[in-house]
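Comments concern the structure below.
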Amino acid sequence: MNLLKNKLVANVLLWVLVITIWQVGALIYGPDVIPGPLVTLQSAIELIADGSLLHYIGISFYRVFVGWMLGSLVAIPLGLLIGRVTIVRIFAEPFLNFIRFIPPIAFITLFLVWFGIGEQSKIALILYATLFIVIMNTLTGVLAVEEDKIRAARSLGASEWQILIHVIIPATVPYMFTGVRLAMGTSYMAIIGAEMIAANEGLGYLIWNSRLFFRTDWIFVGLISLGLIGFLTDRLVGLFGKKLLYRYGIISSEPIRR
């Protein structure tokens, strides 16, 4: 209980310090460069009142969620396959270690050419941003499984399929889950780049379009909205892991309450 109380006090003090520094910066540089907390709040209320902010948040979240889910569903089986089949891993690893260093934003123009300016290109970009992070984490998990466990399963007469289902996958779930959570952060970064360049709605569009009117307060609203939905999404995914995957060693990042 004391640990939880101390953490709450520390969080409150941290945010008071951040807001104070923010306000001091606004006073020094002026609201046109750094809008203060009150100005930003007023702008957020303005954007909520006309419905644009909530609409943009919904659009960006939809794009991230669909691309992230599709990428994870494709990446996990691929990671298991590459990890378990040696010949596939020999050919796939050099390719993975090459292409994973190319950032998603570098593919925006190509994806626009290949998939058009609609939702497909943006979802494909998120899928790409998710794919290699989850594959590499899943692959690492498969390779980290102790060989003694696999030999023990074989000595008891388990088939390769049974070893995969009952030994490999349970031992790899924590790695998969870590990859999925990391990929979500990369997905938000990717969608903002895509919406800045080729979209007429979404938080990236709001941030990019605000420069035309020199509305730095709208930019701050967009940035804070991104941070909030990213934080809430990560917390929901973490709660999901804690509640449904605890048997595989998934634990909450929150401290244990005493």
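The values are calculated or read from the model by the stated rules, or taken from the named source; none is laboratory data. On a predicted model such as this, the values are computed, not experimentally measured, just so you know. Cβ atoms come from the backbone with ideal geometry, glycine included; neighbour counts cover every protein chain shown.
Looking across Gly185, Gly204, Gly179, Gly141, one residue alone is surrounded by fewer than 22 Cβ atoms within 10 Å (Cβ to Cβ), touching a residue at least 24 places away in the same chain (Cβ under 8 Å), part of a helix (DSSP H, G or I) and among the small types (Gly, Ala, Ser). It is Gly185.
Total residues in segment 1-49 satisfying the condition of being under 16 Å from Leu223 (Cβ atoms) and touching a Gly at 6+ places or on another chain (Cβ under 8 Å): the figure is 3.
Does segment 119-126 include one or more residues that are exposed (fewer than 15 other Cβ atoms within 10 Å of the Cβ), in contact with a helix residue (DSSP H, G or I) (Cβ under 7 Å, 6 or more places away or on another chain) and either at pLDDT 90 or above or in a helix (DSSP H, G or I) (or both)?
no
Listed residues Ser43, Ser72; which is assigned by TED's automatic domain parsing to the domain that holds Ser225 and either touching a Pro at 6+ places or on another chain (Cβ under 9 Å) or in a loop (DSSP other than H, G, I, E, B) (or both)?
On the way: Ser72 fails: either touching a Pro at 6+ places or on another chain (Cβ under 9 Å) or in a loop (DSSP other than H, G, I, E, B) (or both).
Selected residue: Ser43, the only one of Ser43, Ser72 that is assigned by TED's automatic domain parsing to the domain that holds Ser225 and either touching a Pro at 6+ places or on another chain (Cβ under 9 Å) or in a loop (DSSP other than H, G, I, E, B) (or both).
When segment 24-40 is filtered for residues that are among the hydrophobic types (A, V, I, L, M, F, W, C) and outside any helix (DSSP H, G or I), the ones remaining, listed by number, are Val33, Ile34.
With the structure loaded, tell me whether Leu112 is farther than 23 Å from Ser60 by Cβ, assigned by TED's automatic domain parsing to the domain that holds Ala194 and surrounded by 16 or more Cβ atoms within 10 Å (Cβ to Cβ) or whether it fails that test. Spelling it out, it is not the case that Leu112 is farther than 23 Å from Ser60 by Cβ, assigned by TED's automatic domain parsing to the domain that holds Ala194 and surrounded by 16 or more Cβ atoms within 10 Å (Cβ to Cβ).
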